[in-house]
Amino acid sequence: MKEYLDITFDNLGNKLDLYIPDSKGFSTIIYIHGGGLIEGDKSQDNYKEMANSFTKSGYAFTSLNYRLYPNVKYPGYILDAIDGINYIYNHIVEFGGDKRFIISGQSAGAYIALMIALNKEFYGLLNFDYSLIKGWIFDSAQTTTHFRILEREYELDPYAERIDKCAPLYYLDKKTKLNNALFIVYENDIIKRKQQNELFIETLKYFKNDVNVTTITLKGSHCHGSIMKDDDNEYEYVKVALSWLSKL
C-alpha cells in the first residue's frame, strides 16, 4: 500500500478512508459499510484488513461513512453515499486512478448500493457516466424495503415485507442499467435474506436475460465472509470479489 488518507468529503462531516496501491492507472473499489443503518464505521479493523488485500491486488479501496438513524431518515444515507462516490470520482486521478469503479456494500451498505444502482433519481446524481462502474458487489443485501425503514419510519414489524419506492426490487424493469453484479449470501443469513436475493435475481434475469450476474452462497452467518477470516487468515469476501473481478 502506497498511501492511506482519512478525508472529510462533505459539509456534513462525513468521512471516507482511501487506500492507494503502489501502482498507477488503478480502478477503485468503493465500499459502503453495514450496520443496519444505525451503527457501523468506515474504519473497522476488518475493512482496513480487506483494504490491504485489495491494494496488494492493484486496486484502490475506499470505505465511506454516512449518517445513521436517528440522525437521518430515508434517503439521507443514500445521498451521503452518493456524495462520497462523487468525491472519489472528482479526486481519484490526483492519486493515479483511472476513474473506473467497483461499488460494493455490506448488508445495509449493500442496500444503499443497490438503490444507487437502480433508482434513476439516485444514479442521476452521480457526477460521471454509469458505464464507468465496472461492476457491483452486494454482500447480503436486502432487496425489499429495508427493515430499519419499516421499523423507524413505517412503525411496522421489521420482519414485515414491503416492495415500494424504498425497495430495490421496485425499480427492476427493461430499462434497468445493472449489468455486472455479484451477489453474496450466506447459508445461515438473516431470515428471508437469501430468498429476497433470489427473488431479485430472478426478476432481474426476466427483464435482462443477457445480464452478467453471479450469485455465491458462503458458509456462516450474516456477512460472515467480510467479518470473519477463514482458515487461510483471509476474508472470503475478498477472495470471491477478486476472483469475480478478474473475469470482467
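The values are calculated or read from the model by the stated rules, or taken from the named source; none is laboratory data. All values reported here derive from a predicted model rather than from experimental measurement. Because the Cβ atoms are built from the backbone with ideal geometry, glycine has one as well, and the counts that use them run over all protein chains shown. Ligands, DNA and RNA are stripped out before the accessible areas are found, and what is left, the full protein with its side chains, is counted by its heavy atoms. Shrake-Rupley method; radii C 1.70, N 1.55, O 1.52, S 1.80 Å.
So that you can scan it fast, the table gives a plain yes or no per residue for (1) touching a residue at least 12 places away in the same chain (Cβ under 8 Å); (2) over 19 Å from residue 237 (Cα atoms); (3) touching a Gly at 6+ places or on another chain (Cβ under 8 Å); (4) open to solvent by less than 20 Å² (accessible area, probe 1.4 Å):
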residue	(1), (2), (3), (4)
12	yes, yes, no, no
15	yes, yes, no, no
22	yes, yes, no, no
28	yes, no, yes, yes
31	yes, no, yes, yes
39	yes, yes, no, no
50	yes, no, no, yes
54	yes, no, no, yes
- Which numbered condition residue 100 misses (of (1) within 22 Å of residue 240 (Cβ to Cβ); (2) more than 16 Å from the chain's Cα centre (by Cα); (3) open to solvent by 60 Å² or more (accessible area, probe 1.4 Å)): (2)
- Query: How about the range 119-132: which of its residues are outside any helix (DSSP H, G or I) and more than 22 Å from residue 184 (Cα to Cα)?
  - Reply: 124, 125, 126, 127, 128, 129
- Task: Filter the range 82-106 down to residues that are in contact with a helix residue (DSSP H, G or I) (Cβ under 9 Å, 6 or more places away or on another chain) and more than 26 Å from residue 23 (Cβ to Cβ), then give me how many there are.
- Result: 1
- Note on the structure: Counted residues in the range 212-226 being more than 18 Å from residue 144 (Cα to Cα), out of contact with any Leu (no Cβ under 6 Å at 6 or more places or on another chain) and of a type outside the set (S, T, N, Q) come to 6
- Note on the structure: Of (1) over 21 Å from residue 130 (Cβ atoms); (2) out of contact with any helix residue (DSSP H, G or I) (no Cβ under 7 Å at 6 or more places or on another chain), residue 37 satisfies every one except (2)
- Name every residue in the range 130-176 that is in contact (Cβ under 8 Å) with a residue 24 or more places away in the chain, of a type in the set (A, V, I, L, M, F, W, C) and open to solvent by 40 Å² or more (accessible area, probe 1.4 Å), in order of residue number. 132, 147
- Task: Answer yes if at least one residue in the range 85-94 is over 16 Å from residue 141 (Cβ atoms), open to solvent by less than 10 Å² (accessible area, probe 1.4 Å) and not hydrophobic (A, V, I, L, M, F, W, C), and no otherwise.
- Result: no
- Query: Just to be sure, is residue 78 among the hydrophobic types (A, V, I, L, M, F, W, C), under 30 Å from residue 147 (Cβ atoms) and loosely packed, with under 15 Cβ neighbours inside 10 Å?
  - Reply: no
- Item | Matching option when the condition is exposed (fewer than 15 other Cβ atoms within 10 Å of the Cβ) and either over 17 Å from the mean Cα position of the chain (by Cα) or closer than 18 Å to residue 119 by Cα (or both), among 180, 197, 209 | 209
